[in-house]
Amino acid sequence: TQLLEQSPQFLSIQEGENLTVYCNSSSVFSSLQWYRQEPGEGPVLLVTVVTGGEVKKLKRLTFQFGDARKDSSLHITAAQPGDTGLYLCAGGDGGSQGNLIFGKGTKLSVKP
Amino acid sequence: NAGVTQTPKFQVLKTGQSMTLQCAQDMNHEYMSWYRQDPGMGLRLIHYSVGAGITDQGEVPNGYNVSRSTTEDFPLRLLSAAPSQTSVYFCASSYSYSPGGGELFFGEGSRLTVL
């Protein structure tokens, strides 16, 4: 069974600080996705990383896929209150149907 | 742009009652799925479908039934509600399915409380 472990589980920081969220597994994934979920809403896809070592940037967010495709990280530069939310990583469960398994998430709170 | 629509948004049930959570998507997606989200447990897959007439079990299927008679609709039925089924339920769809998983489009969720 493939598992995705996220850390930290909770993160509370001040506006302007930098932070990194980690997503780790003992399994190899063909790709990993990152979602953000705001209270009362469903998750929304931020990015998909596919190639080992790949780095993708989305404004102040930088996503990296590990060389061995077993881990990924999300780095936020100069966090803003609008970045507050639950960040989830997800990967294929290894089956042919393309079901996703999710990490338990990192709950980020950015205080003004 | 409707996307994925779930109803109801909130529901309170008594133990033993049955109900159906509705999910509809207007994007002509082949893949649809139901997840439940519990504090500290993340999102767990209940059932999924890769096309009309085809359904299969996910990680936590017990106590739930699904059917897929059309591409658009994927209802989730709770047969005899139990307090352990208190959760937030999300329906999600994807254009296609592949071993790596495609982008999931989620509904806004249905918050269910079983007393």
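Here, each number is a calculation from the coordinates, and none is a lab measurement. In this text the structure is predicted, and so the values were computed from the model without any measurement. Ideal geometry is used to build each Cβ from the backbone, glycine not excepted, and the neighbour counts take in all protein chains shown.
Where residues in the stretch A:58-72 are surrounded by fewer than 18 Cβ atoms within 10 Å (Cβ to Cβ) and under 15 Å from residue A:36 (Cα atoms), which of them is nearest to the other protein chains (Cβ to nearest Cβ)?
A:58
Do any residues in the stretch B:26-39 that are more than 14 Å from residue A:100 (Cα to Cα) have Cβ atoms under 9 Å from those of residues that are aromatic (Phe, Trp, Tyr) and surrounded by fewer than 16 Cβ atoms within 10 Å (Cβ to Cβ), where the two are at least six apart or on different chains, and which pairs are they?
What qualifies is B:27/B:95; B:28/B:95; B:29/B:95; B:30/B:95.
So which pairs qualify, if the first residue must be in the stretch B:102-115 and more than 7 Å from chain A (Cβ to nearest Cβ), the second must be outside any loop (DSSP other than H, G, I, E, B) and among the aromatic types (Phe, Trp, Tyr), the Cβ gap must be under 9 Å, and the two must be at least 6 apart or on different chains?
Once the first residue is more than 7 Å from chain A (Cβ to nearest Cβ) and sits in the stretch B:102-115, its partners that are outside any loop (DSSP other than H, G, I, E, B) and among the aromatic types (Phe, Trp, Tyr) give B:110/B:10; B:110/B:89; B:110/B:90; B:111/B:10; B:111/B:89; B:112/B:10; B:112/B:89; B:113/B:10.
Could we say that residue A:13 is in a strand (DSSP E or B), more than 16 Å from the chain's Cα centre (by Cα) and surrounded by 13 or more Cβ atoms within 10 Å (Cβ to Cβ) here?
It is true that residue A:13 is in a strand (DSSP E or B), more than 16 Å from the chain's Cα centre (by Cα) and surrounded by 13 or more Cβ atoms within 10 Å (Cβ to Cβ).
Out of all the residues in the stretch B:89-115, which are over 19 Å from residue A:33 (Cβ atoms) and surrounded by 19 or more Cβ atoms within 10 Å (Cβ to Cβ)?
B:89, B:110, B:112, B:114
Of these, A:19, A:88, which one is touching a residue at least 60 places away in the same chain (Cβ under 8 Å) and within 9 Å of chain B (Cβ to nearest Cβ)?
Numbers: A:19 fails: within 9 Å of chain B (Cβ to nearest Cβ).
When all the criteria are applied, what remains is A:88.
I'd like the residue in the stretch A:39-57 that is in a loop (DSSP other than H, G, I, E, B) and charged (D, E, K, R) and, out of all such residues, is surrounded by the fewest Cβ atoms within 10 Å (Cβ to Cβ).
We begin by selecting, within the stretch A:39-57, every residue in a loop (DSSP other than H, G, I, E, B); these are A:39-43, A:50-54.
Right, trim to charged (D, E, K, R) and you get A:41, A:54.
Values: A:41: 15, A:54: 18.
The qualifying residue surrounded by the fewest Cβ atoms within 10 Å (Cβ to Cβ) is A:41.
Out of everything in the stretch B:52-86 that is away from chain A (no Cβ under 14 Å) and of a type in the set (Ser, Thr, Tyr), what residue ends up being nearest to residue A:101 (Cα to Cα)?
Per the criteria, the residue is B:64.
Out of everything in the stretch A:33-49 that is over 18 Å from residue B:44 (Cβ atoms) and within 9 Å of another protein chain (Cβ to nearest Cβ), what residue ends up being farthest from the chain's Cα centre (by Cα)?
Step by step, filter the stretch A:33-49, then rank; the result is A:40.
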